[in-house]
Amino acid sequence: MSLNDESRVNMVSYLEKIGYVKSESVKNAFLKVDRSNFIPEHVKHEAYRDTPLSIGWGQTISAPSMIALMLEVSDLKNGLKTLEIGAGSGYNAALIAEICGEENVITIERIPEVYQFGMENLKRAEYRVRIVIGDGTKGFEEEAPYDRIIATAAAPEIPQSWKDQLKEDGMIIAPVGKERYYQELTVLKKRKGGTFDTKKYGGCIFVPLVGEDGWKE
Ligand code: SAH
């Protein structure tokens with residue numbers, strides 16, 4: 001085992017111990033995906049610290065514990081078609097691909113340089129996830145409907161397009177809050193007839209979702 005692999009195994013044990021990693025599927029995804037493939041050179045030594053890291057262009061990759069919490073509440077399974085809003089480094093998309101299957105994952109990014117960075121990372125790590133550039137506050141109509149829509153940027157409220165592009169029994173998982181830099185992790189489940197159940201999972205801090213139905217630039 002390389003030092004990198006060893007650090008990854010230690011991080012996953014830690015995430016399990018503190019109760020953020022619960023399921024076998026999330027555990028295996030964290031064990032498989034090498035976070036150091038998805039971060040800039042100068043922070044590589046911090047790949048397996050449980051902390052958010054800067055990826056440039058004012059954006060961050062979330063702390064592994066935050067990602068684990070999100071993935072656990074998302075209740076992912078192989079075959080579920082999943083749209084991620086905010087591709088960033090591509091790390092979370094790779095984790096989702098490990099669980100849902102790479103052909104079922106689409107991720108969208110608005111900043112061209114970040115899109116390029118995420119695409120190169122996914123390619124290097126050999127994940128054939130579809131990454132597109134655009135304003136994710138409009139969802140991504142072309143591949144709708146989805147079983148899961150997972151936002152890794154913080155919305156002032158859940159955009160209508162996400163609700164429309166979701167299947168029955170589907171779930172939206174997103175940090176939502178009226179403050180730009182403080183949110184609650186929110187899960188919406190779509191019922192028959194298009195009504196929604198809402199659950200909240202506590203406070204979190206994500207970069208803002210910027211776009212037509214999000215925060216203004
Ligand atoms: N999931 C990422 C986290 C990236 S941070 C990872 O694993 O690294 C959130 C990202 O959301 C940023 O890159 C930001 O540019 C992007 N973002 C913000 N608003 C967006 C929008 N309207 N559409 C698509 N991406 C958006």
(Q) Can you sort L185, L209 from fewest to most other Cβ atoms within 10 Å of each residue's own Cβ? (A) L185, L209
Q. Taking neighbour counts of Cβ atoms within 10 Å as a proxy for exposure, in what order, fewest first, do T82, T198, T51 appear?
A. T198, T51, T82
Q) Based on DSSP, what percent of beta bridges with both residues in the chain are antiparallel, to the nearest 5? A) 45 percent
**Q.** the chain: most fluctuating residue of Y181, Y48, Y91 per GNM, C-alpha cutoff 10 Å
**A.** Y181
Q. What number, in percent, do you get for the relative contact order of the chain if the mean sequence gap of Cα pairs under 8 Å and at least 6 apart is divided by its residue count?
A. 15 percent
Q. Once the Cβ-Cβ distance between T198 and E142 is put in as r, and R0 is 35 Å, what FRET efficiency do you end up with, to the nearest 0.05?
A. 0.80
Q | Loop-located GluC sites (Glu not before Pro) in the range 115-186, at most 15 other Cβ atoms within 10 Å (DSSP) | A | E126, E157
Q | Whole-number percent relative contact order across the range 28-81, with pairs defined as alpha carbons under 8 Å at least 6 apart | A | 20 percent
Q | Histogram of C-alpha separations across the chain, 10 Å bin width, % | A | 9, 37, 40, 13, 1, 0
Q. To the nearest 500 deg cm²/dmol, what mean residue ellipticity at 222 nm is calculated for the chain from DSSP H runs of n ≥ 4 alone, each contributing -39,500 (n - 2.57), summed and divided by the residues?
A. -8500 deg cm²/dmol
**Q.** Likely footprinting exposure, L76, L69, L188, fewest C-beta neighbours within 10 Å first
**A.** L188, L69, L76
**Q.** Whole-number D in µm² s⁻¹ for the range 109-204, Kirkwood Cα-pair radius fed into Stokes-Einstein, 4 °C, 1.567 mPa s
**A.** 89 µm²/s
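Each reported figure results from applying straightforward, stated rules to the coordinates on display, with no laboratory input. Remember, it's a predicted structure, so these values are computed and weren't measured experimentally. When we count neighbours, we look across all protein chains shown, and the Cβ atoms used for this are built from the backbone with ideal geometry, even at glycine.
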